[in-house]
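Engineer: Supplied in structure tokens, the structure appears directly below.
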Amino acid sequence: MLRLEPRVSHSSLAAWLSPLLAMLFTALTGALIFMALGKPAGTTLYLYFIDPLTTSSSLSEVAVKAGPLILIGIGLSIGFRAGVWNIGAEGQYILGALFGSSLAVYFHESTNPWILPAMLLLGILGGMVWAAIPALLKTRFNSNEILVSLMLVYVAELLLIHLVQGPWRNPQGWGFPGTRMFPDAALMPMLFRGYRFHLGSVIAFLVPILAWIILSRSRFGYSIRVFGSAPLAARYSGINPKKMIWISLLAGGGFAGLAGIIEATSTIGQLMPKISPGYGFTAIIVAFLGRLDPRGVLLAGMIIAVTYIGGENAHVSAGLPKAVTGLFQGIILFYLLAFDLLTHYRVRFISRTAGAS
Amino acid sequence: MDEVIPPQLLQLKGITKEFPGCLANDRIDLDIQEGEIHALLGENGAGKSTLVKIIYGVLRPDEGELWWKGKLTQIPRPANARQLGIGMVFQHFSLFEAMTTLQNVALALPTINLDDLREKLEQTAEAYGLVLHPEHYVHDLSMGERQRIEIVRCLLQNPKLFILDEPTSVLTPQETEILFHTLRKIASEGRAVLYISHKLEEVRSLCDRATILRGGKKVDACIPSEESAHSLAEKMIGQKIEMVEKKSSIEKSGMQLEVESLHADPKQPHGVKLSDLHFHVSSGEVLGIAGIAGNGQGELMGILTGETGSPASGAIRMLSKEVNTLNPIQRRMLGAVFLPEERLGHAAVAEMTLSENTFLTSADQMHFDKRGWINWPAVANFSNQIIDDFDVRTTGEEALASSLSGGNLQKFIVGREILQHPKLLIISQPTWGVDAGAAAEIHRKIQVYAESGAAVLLISQDLDEIFLLSHRIAVISQGTLSLAEAAHEMSVEQVGLLMGMRHDQKSGNAAA
């Protein structure tokens, strides 16, 4: 019989070793899968994990992909630390894109330089509005935020499809679903000619630093951590639980909304029925891979971004199915959870019938 | 031991059990004779529970032998223990609240006709002087009555050895007397009782022999009636204990806590409703609120700290200000501090460092919060001061709270509150599960602090603690409070009687 026994102590070294081991095992498992598919394991692994880091243009792509993952991951990690399980970042991302883009849709000939900052603020607001629904229901009726936020993802997706096929559809778009292309003033400035690395990516890399300072030095960050690890102690300390739930969800929604509008104003430049390759869900992996620590989330966002770019590489060069990307992300999460379990518990083999010794 | 030795019922030889990072039992020898009441004495963490679990087949020893009636035996499971004739009453009862006494007993026995069982139950209960009503639902019963169900259930299985783990921790002194009477009767029939406790007076009056454990080892054996409680305590903790002396005359001045006609509805499903509570505490005075667990202490504490919102009616005044609607932070800013019963998870966060735990309650009074930013170096300084002043054994202010022993963490938490120099200290069960050395130190600190002019409200189930520290004593029972009376005019028996009754209207006209 197998039994899990809690370990007496677990070091913080083990906590950080676990994501490293998870990635190593993911690579090994990947090699096995590639071989089973009849591909040379070494070359394919190289294509997948190393090649995206070798040229400046692919590095720029990694940074662009990492942006939304990091932003959403930061927001989620604040909530997860507080023990508030916002699973609906994908929906908040979409609502952020919708709110922000409304300006570009209604003022599609605008040249006002303030339109972009206004769109970013509206984007944040949109994400917050969507996250406020589970916050309200949880603080009022104690409903489960996991279910509410998750189900709102589907509502958000349908809302987006409705808008881009109906009221917001480009009148000159030959009936294809999608809005007009945004005016230049509503687009994120690209920073280097020939690369897609843009201002939004810079924001995404600055946010974790800011978040780390706030979480480790401010009373707000402290309250979030206390509330997440010991709700009774938080109450005793005088921390208002409803406020923590609200802030957790609004932070998650705000950052997801920001990621959404940055994505709409940079790589896409319009609204389409599909504006996210599942960033909102993948960011959950990013948050946990980064140990809910902003510095870790920054790193994890980059790593997961590599799997996206590597997946495309492997698709184009090695002829692997695109689903491999999702497969790899799943395997990483699987190993991460497994190693996390092993840092907290040890596995004992016990025979039920053997004697005392 | 030179006299005629009665037959050995159970003999343990060199029992050793190791848990990860902890040698819980280290080559322990123990023998129990038929017809004796044998005490297993030791502090929390001394290895008593582990040893008993090994005897009852819940745990298996790593090494050592177990002899039952002169035969080498193995007890892999509790079912084997019961077959041999070992019965056990655990500290935490395993009863279904929504079932009757009879149904609960029936569940534990092989299929049997309920009418026959009722008869047997009544006979057994009567034979041992235990009052039981087979048709009463468990949720209506007191802790003493619940324990009687467990005992009768055990007796119906006709055990030769009867193990009780800390049985009196939930009983009134009167209920304890009934229990002792029953246990003596059981022993007189030639059965043996293994009695686990850290209450020394009880062991002295009840037990024939005692085995003393400390740090997983058997350190001594003695005949309790030939010892004093003091000498037993010193054997138990392995060092000299200084007793604190209470000054009988105190200089009372301003009223620091006043509670009038306090009514509060429970915030949790099985909570206790507080009705019509009146009491007050002055500077320099310790008011002790005694009572058995679950009679409203938790609810009272929640209302006093402000954690569970405002009372339904009545007034709470702290330091001459009404605080009914104030939150814990606002109450602290007036000069009050609170210490809830649960150390880990309530008074402290296990996975945070000592410094981070310092900030938990001292953020505002000690001005560690600078416009939302935390002055961590100052917090660390204050934490180090607590560690020094309260003799906390730890690797430093960066140690995790969970890495400290119960006694050391409690010293730290008490220090954190007292060193904020409050005018009012509200403290619940300050030495619950704390080793005797640390407990004595905590008692001394609380006493010294009260003498320096602070008002102290002490809520405790530990009557020794209540009598040791309090100048006046009130008793909480079923959410009602008795009139506080001078401690030197009260006896343990009186307090015990008050523990078992409601105090409606009694204190109604007596508000100060």
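Engineer: In region A:224-250, how many residues are facing another protein chain (nearest Cβ under 7 Å) and part of a helix (DSSP H, G or I)?
Structural biologist: Of the residues in region A:224-250, 7 are facing another protein chain (nearest Cβ under 7 Å) and part of a helix (DSSP H, G or I).
Engineer: Check A:Pro277 against each of (1) touching a Lys or Arg at 6+ places or on another chain (Cβ under 7 Å); (2) at pLDDT 85 or above; (3) of a type outside the set (S, T, N, Q); (4) assigned to a loop (DSSP other than H, G, I, E, B) and name the one condition it does not meet.
Structural biologist: (1)
Engineer: Given A:Phe25, A:Phe80, which one is closer than 17 Å to A:Ile303 by Cα, out of contact with any His (no Cβ under 9 Å at 6 or more places or on another chain) and at pLDDT 90 or above? Give the steps one after another, and end with the answer.
Structural biologist: On the way: A:Phe80 fails: closer than 17 Å to A:Ile303 by Cα.
Result: A:Phe25 is the single residue among A:Phe25, A:Phe80 that is closer than 17 Å to A:Ile303 by Cα, out of contact with any His (no Cβ under 9 Å at 6 or more places or on another chain) and at pLDDT 90 or above.
Engineer: Any idea which of A:Gly127, A:Gly79, A:Gly67 is in contact with a strand residue (DSSP E or B) (Cβ under 9 Å, 6 or more places away or on another chain), crowded, with 21+ Cβ neighbours inside 10 Å and either under 29 Å from A:Leu187 (Cβ atoms) or touching a residue at least 40 places away in the same chain (Cβ under 8 Å) (or both)? Before the answer, list the steps.
Structural biologist: Values: A:Gly127 fails: in contact with a strand residue (DSSP E or B) (Cβ under 9 Å, 6 or more places away or on another chain); A:Gly79 fails: in contact with a strand residue (DSSP E or B) (Cβ under 9 Å, 6 or more places away or on another chain).
When all the criteria are applied, what remains is A:Gly67.
Results for (1) out of contact with any Leu (no Cβ under 8 Å at 6 or more places or on another chain); (2) under 30 Å from B:Leu354 (Cβ atoms); (3) modelled with pLDDT under 90; (4) not assigned by TED's automatic domain parsing to the domain that holds B:Gly45, shown as yes or no for each residue.
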site: B:Gly406; (1), (2), (3), (4): yes, yes, yes, yes
site: B:Lys411; (1), (2), (3), (4): yes, yes, no, yes
site: B:Arg502; (1), (2), (3), (4): yes, no, yes, yes
site: B:Gln505; (1), (2), (3), (4): yes, no, yes, yes
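Engineer: Applying the selection to region B:121-150, what residues are outside any loop (DSSP other than H, G, I, E, B), among the acidic types (Asp, Glu) and touching a strand residue (DSSP E or B) at 6+ places or on another chain (Cβ under 6 Å)?
Structural biologist: B:Glu150
Engineer: Same structure, new question: Within region A:186-203, can one find any residue that is within 14 Å of chain B (Cβ to nearest Cβ), at negative phi and charged (D, E, K, R)? Explain how you work it out, then say what you get.
Structural biologist: Taking region A:186-203 and keeping what is within 14 Å of chain B (Cβ to nearest Cβ), we get none.
For region A:186-203, residues within 14 Å of chain B (Cβ to nearest Cβ), at negative phi and charged (D, E, K, R): absent.
Engineer: Does A:Ile87 satisfy the condition of being touching a helix residue (DSSP H, G or I) at 6+ places or on another chain (Cβ under 6 Å) and not in a helix (DSSP H, G or I)?
Structural biologist: Yes.
Engineer: Go through A:Val155, A:Val105, A:Val164 for me and flag whichever is of a type in the set (Val, Ile, Thr) and at pLDDT 95 or above.
Structural biologist: None of the other options fit; the residue is A:Val155.
Engineer: Taking B:Arg118 as the residue in question, decide whether it is over 33 Å from the mean Cα position of the chain (by Cα) and surrounded by 12 or more Cβ atoms within 10 Å (Cβ to Cβ).
Structural biologist: yes
Engineer: Go through region B:454-487 residue by residue and tally those that are in a helix (DSSP H, G or I) and of a type in the set (A, V, I, L, M).
Structural biologist: Residues in region B:454-487 being in a helix (DSSP H, G or I) and of a type in the set (A, V, I, L, M): 5 in total.
Engineer: Having 1 or more residues that are in contact with a His (Cβ under 9 Å, 6 or more places away or on another chain) is the bar; report the helices (runs of 4 or more DSSP H) wholly within region B:5-120 that clear it. It would help to see each step written out before you state the result.
Structural biologist: Details: elements: B:48-55, B:78-84, B:101-108.
Where helices (runs of 4 or more DSSP H) fall fully within region B:5-120 and carry at least 1 residues being in contact with a His (Cβ under 9 Å, 6 or more places away or on another chain), they are B:48-55, B:101-108.
Engineer: Let me ask something else about it. Which of (1) closer than 30 Å to B:Gly144 by Cβ; (2) of a type in the set (Gly, Ala, Ser); (3) within 14 Å of another protein chain (Cβ to nearest Cβ); (4) surrounded by fewer than 19 Cβ atoms within 10 Å (Cβ to Cβ) is the odd one out, the single condition B:Ala347 does not satisfy?
Structural biologist: Going through the list (1) closer than 30 Å to B:Gly144 by Cβ; (2) of a type in the set (Gly, Ala, Ser); (3) within 14 Å of another protein chain (Cβ to nearest Cβ); (4) surrounded by fewer than 19 Cβ atoms within 10 Å (Cβ to Cβ), B:Ala347 breaks only (4).
Engineer: Return yes when A:Val155 is β-branched (Val, Ile, Thr), in contact with a Phe, Trp or Tyr (Cβ under 6 Å, 6 or more places away or on another chain), part of a helix (DSSP H, G or I) and over 14 Å from A:Gly260 (Cα atoms) and no when it is not. Steps first, please.
Structural biologist: Working: β-branched (Val, Ile, Thr): yes; in contact with a Phe, Trp or Tyr (Cβ under 6 Å, 6 or more places away or on another chain): no; part of a helix (DSSP H, G or I): yes; over 14 Å from A:Gly260 (Cα atoms): yes.
Here the answer is no, as A:Val155 does not meet what is asked.
Engineer: Taking the condition of being among the hydroxyl-bearing types (Ser, Thr, Tyr) and more than 20 Å from B:His38 (Cα to Cα), how many residues in region B:141-172 meet it?
Structural biologist: 2
Engineer: Is it true that A:Ser58 is farther than 14 Å from A:Gly260 by Cα, within 17 Å of the chain's Cα centre (by Cα), assigned to a helix (DSSP H, G or I) and of a type in the set (Ser, Thr, Tyr)?
Structural biologist: no
Engineer: Out of all the residues in region B:299-342, which are surrounded by fewer than 22 Cβ atoms within 10 Å (Cβ to Cβ), in contact (Cβ under 8 Å) with a residue 60 or more places away in the chain and within 12 Å of chain A (Cβ to nearest Cβ)?
Structural biologist: Residue satisfying the conditions is B:Glu341 alone.
Engineer: For A:Thr282, indicate whether it is part of a helix (DSSP H, G or I), modelled with pLDDT under 95, more than 14 Å from chain B (Cβ to nearest Cβ) and surrounded by fewer than 23 Cβ atoms within 10 Å (Cβ to Cβ).
Structural biologist: Working: part of a helix (DSSP H, G or I): yes; modelled with pLDDT under 95: yes; more than 14 Å from chain B (Cβ to nearest Cβ): yes; surrounded by fewer than 23 Cβ atoms within 10 Å (Cβ to Cβ): no.
When the stated conditions are applied, A:Thr282 does not pass them.
Engineer: When region A:222-276 is examined, which residues are found to be of a type in the set (Lys, Arg) and either over 27 Å from B:Trp376 (Cα atoms) or buried (at least 24 other Cβ atoms within 10 Å of the Cβ) (or both)?
Structural biologist: Residue satisfying the conditions is A:Lys274 alone.
Engineer: Let me ask something else about it. Within region A:291-317, track down each residue that is at pLDDT 90 or above and farther than 22 Å from A:Phe34 by Cβ.
Structural biologist: Within region A:291-317, A:Leu292, A:Asp293, A:Pro294, A:Arg295, A:Gly296, A:Val297, A:Leu298, A:Leu299, A:Ala300, A:Gly301, A:Met302 qualify.
Engineer: For residues that are of a type in the set (S, T, N, Q) and assigned to a helix (DSSP H, G or I), scanning just region A:251-272, find the one that is farthest from the other protein chains (Cβ to nearest Cβ).
Structural biologist: Per the criteria, the residue is A:Thr267.
Engineer: With the checklist (1) modelled with pLDDT of 90 or more; (2) away from every other protein chain (no Cβ under 14 Å); (3) surrounded by 17 or more Cβ atoms within 10 Å (Cβ to Cβ) in hand, flag the one item B:Lys48 doesn't pass.
Structural biologist: All conditions are met except number (1).
Engineer: Is region B:489-496 home to any residue that is modelled with pLDDT under 90 and polar (S, T, N, Q)?
Structural biologist: Checking region B:489-496: at least one residue is modelled with pLDDT under 90 and polar (S, T, N, Q).
Engineer: Next question. Across region B:357-378, which residue is nearest to A:Arg81 (Cα to Cα) among those that are under 29 Å from the mean Cα position of the chain (by Cα) and more than 7 Å from chain A (Cβ to nearest Cβ)?
Structural biologist: Only one residue fits best here, namely B:Asn357.
Engineer: For region A:204-221, what are the residues that are out of contact with any helix residue (DSSP H, G or I) (no Cβ under 6 Å at 6 or more places or on another chain), surrounded by 16 or more Cβ atoms within 10 Å (Cβ to Cβ) and more than 7 Å from every other protein chain (Cβ to nearest Cβ)?
Structural biologist: The one that is out of contact with any helix residue (DSSP H, G or I) (no Cβ under 6 Å at 6 or more places or on another chain), surrounded by 16 or more Cβ atoms within 10 Å (Cβ to Cβ) and more than 7 Å from every other protein chain (Cβ to nearest Cβ): A:Phe205.
Engineer: Considering (1) of a type outside the set (Gly, Ala, Ser); (2) closer than 18 Å to A:Gly257 by Cβ; (3) surrounded by fewer than 18 Cβ atoms within 10 Å (Cβ to Cβ), say which one A:Leu53 fails and leave the rest.
Structural biologist: (2)
Engineer: Can you give me the number of residues within region B:197-212 that are at pLDDT 90 or above and of a type in the set (A, V, I, L, M)?
Structural biologist: Residues in region B:197-212 being at pLDDT 90 or above and of a type in the set (A, V, I, L, M): 3 in total.
Engineer: Sticking with this one: Can you name the condition, by its number, that B:Gly407 falls short on among (1) crowded, with 23+ Cβ neighbours inside 10 Å; (2) within 18 Å of the chain's Cα centre (by Cα); (3) touching a residue at least 60 places away in the same chain (Cβ under 8 Å)?
Structural biologist: (3)
The values are calculated or read from the model by the stated rules, or taken from the named source; none is laboratory data. If you're wondering where the values come from, they're calculated on a predicted model, not measured in any experiment. Cβ coordinates were reconstructed from backbone atoms using ideal geometry, including for glycine residues, and neighbour counts include every protein chain displayed.
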